[in-house]
Amino acid sequence: MQTPLFNQFGVSEKIFWSEVNKLPQIYANRGLSVSAETIYLNHLLSYVKNGPMRGLTNQKLFELGNELEFYPGLPEFFDELALIPKENAYKDYDFKLEHYVISTGLSQMILGSKIAPHVQGIFASEFIESALPPNFLSQTDLSLPIDPEISQIGLAVDNTIKTRFIFEINKGCNKSSSIDVNSSIPHELRRIPFEQLIYVADGPSDVPVFAVVKQMGGKTYAVYDPNDESEFAQTCDLVESGRVHNNGPADYSFRSPTSVWMKQKIREILSNMRVKREESLRQSITAAPKHMPKPENIQESNEWKQETLWQ
């Protein structure tokens, strides 16, 4: 994801990531613990502060997002999936698909990418440009830098935060501010039940989410770069260890294994939703009143009533 950023400022991508990979051990030698997944955000800020990326703003990150390149089939695959709920088997229902991005990458770049119009939400790392000074609540005028640039981390997404975002989507926190992620909500009343979730990812930071989604009844799928044998081996390990249901190449073009698997699982989920909807409807319907047939001895019955009345 960061390749357009490095190209923009003439920074060696190889050197940057080599430095990032060494940082956790260097800080450990100093008695400090850092997150191996998000320390790169701090290193980006070091590049900004010390000159190589001077002047980097959120707006610039957003603009660079347009240069992101995706694997085959994207973003067209989203339009293809959107047609499934409209198929004859489901057209009488109000089913719809929602897509979300949960990433340790940079939110502004994803927002500026070609994929952004196809998703309903993006959960990723954020930078702050003009950080508020101490005692800002008692100040009437706050000075702003003439040349703003990112200066602080607003949100660092790691494997733990990814799991939190899954529960936010599950409970509907992202749709209603009145719902807290720690709110107790019965599973059957949650906005998107786990059994209606499909989680597709490729990185080690996704393993905890894979485990949670699969354990709770959702579908999990690990993708790999078709040109990287080590990534293929890594996703095979996830399948063999029971972390994911299946794996396949990061190729979303028509009739690719990943495309076929995704469409099959979506139809499977929609069919289960249809069955639940119909069963719920049957259980909620009470029998309508009916005309009761008159007994054959209705005349005798009336005479008995009259006789009883006169007595």
So what is the diffusion coefficient of the range 37-134 in µm² per second by Stokes-Einstein at 4 °C and 1.567 mPa s, using a Kirkwood Rh over Cα pairs? 81
For the range 72-224, what size does the Cα cloud have along each of its three principal axes, sorted from largest down, in whole Å? 61, 40, 33
Quick one: dipole size for the range 104-198, taken about the Cα centre, charges +1 on Lys/Arg Cβ and -1 on Asp/Glu Cβ, in debye to the nearest 20. 480
Taking a cut-off of 21 Å between Cα atoms, list the lysines near LYS175, but don't count ones fewer than 8 places away on the same chain. LYS96, LYS162
With 10 angstrom as the radius, rank LYS290, LYS265 by how many other C-beta atoms surround their C-beta, starting from the fewest. LYS290, LYS265
With a cut-off of 8 Å between alpha carbons and a minimum separation of six or more residues, what is the relative contact order of the chain in percent? 14
Identify the chymotrypsin sites (Phe, Trp or Tyr not before Pro) of the range 72-135 meeting these criteria: DSSP loop state and at most 14 other C-beta atoms within 10 Å of the C-beta. TYR93
Positive-end residue of THR235, ASN247, VAL260, charge dipole of the range 215-261 with Cβ unit charges: VAL260
List the residues, sorted by chain then number, that are 5 or more residues from MET216 or on another chain and whose placed amide H is less than 5 Å from its amide H. none
Compute the whole-percent fraction of alpha carbon pairs in the range 1-79 spaced more than 18 Å apart. 52
Rounded to the nearest whole number, the per residue volume of the convex hull around the C-alpha atoms of the range 203-267 in Å³ is 76
Of all stretches in the chain that avoid GluC sites (Glu not before Pro) placed in a DSSP loop and having at most 11 other Cβ atoms within 10 Å, the longest is 88-295
Total charge dipole magnitude, the chain, about the Cα centre, Cβ charges on Lys, Arg, Asp, Glu only, Debye to nearest 20: 480
Dipole-positive endmost among HIS99, VAL11, LEU281 within the chain (Cβ charges, Cα centre): LEU281
For the range 22-33, Karplus-derived ³J(HN,Hα) couplings (6.51, -1.76, 1.60; θ = phi - 60°; whole Hz; x for glycine and proline) come out as 8, 4, x, 6, 4, 5, 4, 5, 8, x, 10, 9
Residue-ordered couplings for the range 64-75, obtained by feeding phi - 60° into the Karplus form 6.51 cos²θ - 1.76 cosθ + 1.60 and rounding to whole Hz (Gly and Pro as x), are 5, x, 5, 8, 5, 9, 10, 5, x, x, 9, x
Give me the dipole magnitude in Debye, nearest 20, for the range 49-185 about the Cα centre, with unit charges on the beta carbon: positive for Lys and Arg, negative for Asp and Glu. 280
Per residue, how big is the convex hull of the chain when only Cα atoms are used? Give it in Å³. 277
Find which of ILE161, ILE150, ASN21 sits farthest along the positive direction of the dipole of the chain, computed with +1 on the beta-carbon of Lys and Arg, -1 on that of Asp and Glu, about the Cα centre. ILE161
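Every read-out reported here was derived from the displayed coordinates using simple, explicitly stated rules and does not represent laboratory data. Because the structure is predicted, anything quoted here is derived from the model rather than measured. Cβ atoms come from the backbone with ideal geometry, glycine included; neighbour counts cover every protein chain shown.
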